[in-house]
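Asker: Could you have a look at this structure, given as structure tokens, before my questions?
The values are calculated or read from the model by the stated rules, or taken from the named source; none is laboratory data. It should be emphasised that the depicted structure is a prediction, and the values quoted were computed from it without experimental measurement. All Cβ positions, even for glycine, are placed from backbone atoms using ideal geometry, and neighbour counts span all protein chains on display.
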Amino acid sequence: MSVGKIPLRKKIAFKLYDRYRSNETRLHQLNYILWESTLRCNLNCRHCGSDCKKDPAQKDMPAKDFLRVVGEIIPVVHPNKTMIVFTGGEALLRKDLEETGQQLYDRGFPWGVVSNGMMFTADRLLSMINAGLRSVTISLDGLQDSHNWLRGHPQSYEKATNAIKLLTKTQNLAYDVVTCAHSRNFEELPEMRDMLIAMGVKAWRIFTVFPIGRAAKDQELQLSPEDFKKLFDFIKETREEGKIKLNYGCEGFLGNYEGKVRDNFFFCRAGINIASILADGSISACPNLRENFIQGNIYQDNFAEVWQNRYQKYRHRSWTKTGLCKDCEHFSHCQGNGMHLRDEKSGELLFCHLKRLEEGEESLSKNAKDKPEIKSDVKLV
Amino acid sequence: MTKIKKGFFRGYNVIIAALMSLLGFTTACEQSVDEYGVPMPEYGVPSATFIVKGTVKSSVNTESIPGIKVKMIYDSVQTDEQGRYQVRAQDIADSQTFLVTFEDIDGAENGTFADADTNVVFEDPQFTGGDGNWNLGETEKEVNIRLKPEEE
């Protein structure tokens, strides 16, 4: 499949979706809040995008502070339609997770958790479900060796797969598995797919490592342009097969792969529908948006006022039309890629998915052409 | 932003969703375009279909009223000859409340009735037919309405 050859039908759909995106931006209805509930973590992942510190003394935000903020936002959201997701660090390290979740549930908010599975037991799951848990995401970054390598813990794979097994046996709970594709697990993805299908997993998401956090300094985590292109062919084929619902993560305009590798066209909803409360009280859009992307702090500002009146950087993205984006013909569909892929200080683009796909396509095509013709001495008689 | 403006942009996006649907990109917008623009972002949101169905009859003689427009969020239908209707909405799979409106839009034909509306509450709904994924399936409620005839 060629990334650049976009059929007319899809081009028209892109134009329509541009308008849809613009309308959504004007409405900017908040319906997704991520709470970086702790910076403590029981793993030491190579690719971690947040500022996780393996320091048990690191102070968590008191739950009452977060609940106060949730109270502030109620006038501008519809609680039943606003998902609150506990992230970290490792959210399950919070002992008051269920208590806090129950208070959210009592106020009408559905809530979910993202976990590495290390502390995920049947009892803990039941305890969270009883407190109104609605969705779970478990990270699984390869088969045993590559997962443990990335996660820096010899039992992390076993714990994560045990968590997934528990979830497959749980009724009425939405869950999915999320995988970071990198150079070490790339070849394993087909085997991983078959394993997840055999386990009964219905939803799987793949994202690629982006150059922030610890991953910025680790080239081993990046996929080559050729593998990057092959990854999208793999996702497309898996989706067409229909045995598991595989989606690429919510980043990057992908040219002709749009509509083929995830349910919806690319739309970075950071600051448009999504907000985050970070561990230090900072108000942001996604948890990996820090520094200049911070819009306020819950200890100085009213969250609802911040949501209604700030976030200009997210809602008027013409400032991203610089550098690589300046002359890009797809800017209106992409709007400068996901906000987390802009440098936190300079705002410059760190990674262009489309460009990487084009490089991969070109390289694969060149390799095919350069391949020497195999001549046989055998002649048909 | 005023309610009228919000309504305009939401309505506009419904039209876009319909056009994209014609182009074969139905999933893209339908998952995202219900009343409050529930997205399918990085961590997903469990969703479900909420169905409200029933009959519309006259409050005076209990006769069925055809041609009444019934609307719930963006879905609207007209009652059939037996006064029956069914409307649906996609939303987060949790307790929900929907405003359903009933409007006489065919003038004197089939009689003239006063408009009415009601809040339909789904409290801890049970869903069936989910795909084992983010879509938890559907749930339904029966709401039978009596409309008051308007004086000539």
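Asker: Only one of A:G142, A:G200 is within 14 Å of another protein chain (Cβ to nearest Cβ) and over 22 Å from A:G252 (Cα atoms). Can you tell me which?
Answerer: Exactly one of A:G142, A:G200 is within 14 Å of another protein chain (Cβ to nearest Cβ) and over 22 Å from A:G252 (Cα atoms), namely A:G200.
Asker: Show me the strands (runs of 3 or more DSSP E) entirely contained within segment B:3-110 in which 2 or more residues are facing chain A (nearest Cβ under 7 Å) and at pLDDT below 90.
Answerer: In segment B:3-110, the matching strands (runs of 3 or more DSSP E) lie at B:84-92.
Asker: While we're here: Take the conditions of a type outside the set (A, V, I, L, M) and touching a residue at least 60 places away in the same chain (Cβ under 8 Å) and apply them to A:N116. Does it pass?
Answerer: Yes, satisfied.
Asker: Related question: Would you confirm, using the coordinates I've provided, whether A:R151 is away from chain B (no Cβ under 14 Å), touching a Phe, Trp or Tyr at 6+ places or on another chain (Cβ under 9 Å) and either touching a residue at least 60 places away in the same chain (Cβ under 8 Å) or among the charged types (D, E, K, R) (or both)?
Answerer: Yes.
Asker: Hey, A:T179 hits all of (1) away from every other protein chain (no Cβ under 14 Å); (2) farther than 27 Å from A:N80 by Cβ but one; which does it fall short on?
Answerer: (1)
Asker: Now, a different point. Take A:F207 and decide whether it is at pLDDT below 95 and crowded, with 22+ Cβ neighbours inside 10 Å.
Answerer: Considered against the rule, which asks whether it is at pLDDT below 95 and crowded, with 22+ Cβ neighbours inside 10 Å, A:F207 comes out as no.
Asker: Restricting to segment A:302-323, name every residue that is farther than 20 Å from A:R19 by Cα and surrounded by fewer than 17 Cβ atoms within 10 Å (Cβ to Cβ).
Answerer: Result: A:N302, A:E305, A:Q308, A:N309, A:R310, A:T322, A:G323.
Asker: List every residue pair whose Cβ atoms lie under 6 Å apart, where the two residues are 6 or more positions apart in sequence or sit on different chains, the first residue falls within segment A:68-80 and is touching a residue at least 12 places away in the same chain (Cβ under 8 Å) and away from chain B (no Cβ under 14 Å), and the second residue, located anywhere, is surrounded by fewer than 18 Cβ atoms within 10 Å (Cβ to Cβ) and outside any helix (DSSP H, G or I).
Answerer: From segment A:68-80, the pairs are A:E72/A:N302.
Asker: What about A:M83, is it more than 12 Å from chain B (Cβ to nearest Cβ), of a type in the set (A, V, I, L, M) and either surrounded by 18 or more Cβ atoms within 10 Å (Cβ to Cβ) or touching a residue at least 60 places away in the same chain (Cβ under 8 Å) (or both)?
Answerer: no
Asker: If you go through segment B:67-89 one residue at a time, do you hit one that is surrounded by fewer than 16 Cβ atoms within 10 Å (Cβ to Cβ) and aliphatic (A, V, I, L, M)?
Answerer: no
Asker: Condition (residue is without any contact (Cβ under 8 Å) to a residue 12 or more places away in the chain, part of a helix (DSSP H, G or I) and either more than 27 Å from A:Q219 (Cβ to Cβ) or among the β-branched types (V, I, T) (or both)) applied to segment A:359-368: is it met by at least one residue?
Answerer: Checking segment A:359-368: not a single residue is without any contact (Cβ under 8 Å) to a residue 12 or more places away in the chain, part of a helix (DSSP H, G or I) and either more than 27 Å from A:Q219 (Cβ to Cβ) or among the β-branched types (V, I, T) (or both).
Asker: In segment A:75-98, what residues are β-branched (V, I, T) and touching a Gly at 6+ places or on another chain (Cβ under 9 Å)?
Answerer: Of everything in segment A:75-98, those that are β-branched (V, I, T) and touching a Gly at 6+ places or on another chain (Cβ under 9 Å) turn out to be A:T82, A:I84, A:V85.
Asker: Condition first: in a helix (DSSP H, G or I), farther than 14 Å from A:P190 by Cα and of a type in the set (A, V, I, L, M). Now tell me which residues in segment A:216-255 satisfy that.
Answerer: Correct list: A:A216, A:L221.
Asker: Which of the residues spanning segment B:113-126 are surrounded by 15 or more Cβ atoms within 10 Å (Cβ to Cβ) and outside any strand (DSSP E or B)?
Answerer: Of everything in segment B:113-126, just one residue is surrounded by 15 or more Cβ atoms within 10 Å (Cβ to Cβ) and outside any strand (DSSP E or B), namely B:P125.
Asker: Give A:E237, A:E226, A:E251 a once-over and let me know the one that is surrounded by fewer than 24 Cβ atoms within 10 Å (Cβ to Cβ) and without any contact (Cβ under 8 Å) to a residue 24 or more places away in the chain.
Answerer: A:E237 is the lone residue from the list that is surrounded by fewer than 24 Cβ atoms within 10 Å (Cβ to Cβ) and without any contact (Cβ under 8 Å) to a residue 24 or more places away in the chain.
Asker: Can we say A:L221 is at pLDDT 90 or above and crowded, with 20+ Cβ neighbours inside 10 Å?
Answerer: When the stated conditions are applied, A:L221 does not pass them.
Asker: Could you list, in sequence order, the residues of segment A:254-291 that are within 11 Å of another protein chain (Cβ to nearest Cβ), farther than 19 Å from A:H330 by Cα and either free of Cβ contacts under 8 Å to residues at least 40 places away in the same chain or basic (K, R) (or both)?
Answerer: Residue satisfying the conditions is A:D263 alone.
Asker: For segment A:332-344, state whether one or more residues are without any contact (Cβ under 8 Å) to a residue 12 or more places away in the chain and out of contact with any strand residue (DSSP E or B) (no Cβ under 9 Å at 6 or more places or on another chain).
Answerer: No: zero hits.
Asker: Out of all the residues in segment A:1-16, which are more than 7 Å from chain B (Cβ to nearest Cβ), within 14 Å of A:H333 (Cα to Cα) and surrounded by 15 or more Cβ atoms within 10 Å (Cβ to Cβ)?
Answerer: A:I6, A:K10, A:F14
Asker: Can you tell me which condition B:N110 does not meet? The list is (1) surrounded by fewer than 18 Cβ atoms within 10 Å (Cβ to Cβ); (2) on the phi > 0 side of the Ramachandran plot, and all the others hold.
Answerer: Every listed condition holds for B:N110 apart from (1).
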